[in-house]
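Read the structure below first, then the notes.
The values are calculated or read from the model by the stated rules, or taken from the named source; none is laboratory data. Every value quoted in this text rests on a predicted model; they were computed, and no experiment measured them. Every residue, glycine among them, receives a Cβ derived from its backbone with ideal geometry; neighbour counts consider all protein chains shown. SASA here: full protein model, heavy atoms, side chains in, ligands and nucleic acids out. Shrake-Rupley method; radii C 1.70, N 1.55, O 1.52, S 1.80 Å.
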Amino acid sequence: MKRTLLLLVCLAPVLAHAQGEELENPGTVLAVQDRTYRMASELWIGIGVAPLDAFYKGVTGQVGYVYHFSDSFAWQVGRGLLSYNIKTGLRNQLETQFGVSPTAFPQLNWIVGSDVMWTPIYGKTSWLNSSVGHFEVFGTLGGSVVNERIAADVASGSGQTVFRPAIHLGLGARLFTSKNVSFRLDFSNEFVIYKGLEANILLVQLALALNFGGTE
């Protein structure tokens, strides 16, 4: 009996401390802050590059319209791209020194397409503890029609053009400056299909996006 009483006396402070901790910290509470900016109808315009081809580099201009059904899902109803192409030194060397015909170098002319957009990540960050930036990360998946030019004289624009279907796959990030204005950085690839996978067209773009009907 004395041993039992002695054991209870020794355990009493430990039990009291544990009970106090339970009252002070009943559990872990996670709070997810709601979005500050919401998108509705988005019109964007961007400039970029098509840097992948060894025989030309494209400077691109592109416009598009996106309708946002929710914070996570949207439909990029339409997008259109034009490419201004610049010959590389390798192509000039092949044409002048080895007599390779310009028709051996198909190059991008324009692209039109439509995609679904999924935005799984939204957050905010601070810059030097002086300002707060809101951002999101999104992916796009859709289809495109790619127009390529196979010209006998690229400078004059004469020659043959071909149309190819393509699968569009993209990844991008958006930085909000207000409820109406944001900036997008897009990385995308067009998987051109013709008798199998014909080519990959990598596109990198920075765009200004205007949001109509969104909330803050």
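In the range 48-69, what residues are more than 15 Å from Asn147 (Cα to Cα) and among the hydroxyl-bearing types (Ser, Thr, Tyr)?
Tyr56, Tyr65, Tyr67, listed by residue number.
Between a residue in the range 80-94 that is closer than 26 Å to Gln62 by Cα and free of Cβ contacts under 8 Å to residues at least 60 places away in the same chain and any residue that is part of a strand (DSSP E or B) and polar (S, T, N, Q), which pairs come within a Cβ distance under 6 Å, given they are 6 or more apart or on different chains?
Ser83/Thr60
Among the residues of the range 66-82, how many are over 26 Å from Trp118 (Cβ atoms) and open to solvent by less than 20 Å² (accessible area, probe 1.4 Å)?
Of the residues in the range 66-82, the ones over 26 Å from Trp118 (Cβ atoms) are 82.
Now drop any that are not open to solvent by less than 20 Å² (accessible area, probe 1.4 Å), which leaves none.
Within the range 66-82, residues that are over 26 Å from Trp118 (Cβ atoms) and open to solvent by less than 20 Å² (accessible area, probe 1.4 Å) number 0.
Just need a number here: residues in the range 174-216 that are among the acidic types (Asp, Glu) and farther than 14 Å from Leu108 by Cβ.
In the first step, residues of the range 174-216 are kept if they are among the acidic types (Asp, Glu); the result is 186, 190, 198, 216.
Now narrow it down to the ones that are farther than 14 Å from Leu108 by Cβ: 186, 216.
Here the count works out to 2.
Looking at (1) modelled with pLDDT of 90 or more; (2) crowded, with 20+ Cβ neighbours inside 10 Å, which one does Arg91 not meet, given that it meets all the others?
Checking Arg91 against (1) modelled with pLDDT of 90 or more; (2) crowded, with 20+ Cβ neighbours inside 10 Å, the one that fails is (1).
When residues of the range 131-145 are filtered for being among the polar types (S, T, N, Q) and in contact (Cβ under 8 Å) with a residue 12 or more places away in the chain, how many remain? Spell out how you get there, then give the answer.
So the first thing to find is which residues in the range 131-145 are among the polar types (S, T, N, Q), and the list is 131, 140, 144.
With the extra rule that they be in contact (Cβ under 8 Å) with a residue 12 or more places away in the chain, the set shrinks to 140, 144.
Total satisfying the criteria: 2.
With at pLDDT below 50 and open to solvent by 50 Å² or more (accessible area, probe 1.4 Å) as the only criterion, which of Val9, Val49, Val32 stands out? Outline the logic, then answer.
Working: Val49 fails: at pLDDT below 50; Val32 fails: at pLDDT below 50.
One residue alone meets the criteria, Val9.
Every residue, every condition in (1) modelled with pLDDT of 95 or more; (2) open to solvent by 100 Å² or more (accessible area, probe 1.4 Å); (3) assigned to a helix (DSSP H, G or I), yes or no:
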| position | (1), (2), (3) |
| --- | --- |
| His17 | no, yes, yes |
| Leu23 | no, yes, yes |
| Thr28 | no, yes, no |
| Thr36 | no, no, no |
| Asp53 | no, no, no |
| Lys57 | no, no, no |
| Thr60 | yes, no, no |
| Gly64 | yes, no, no |
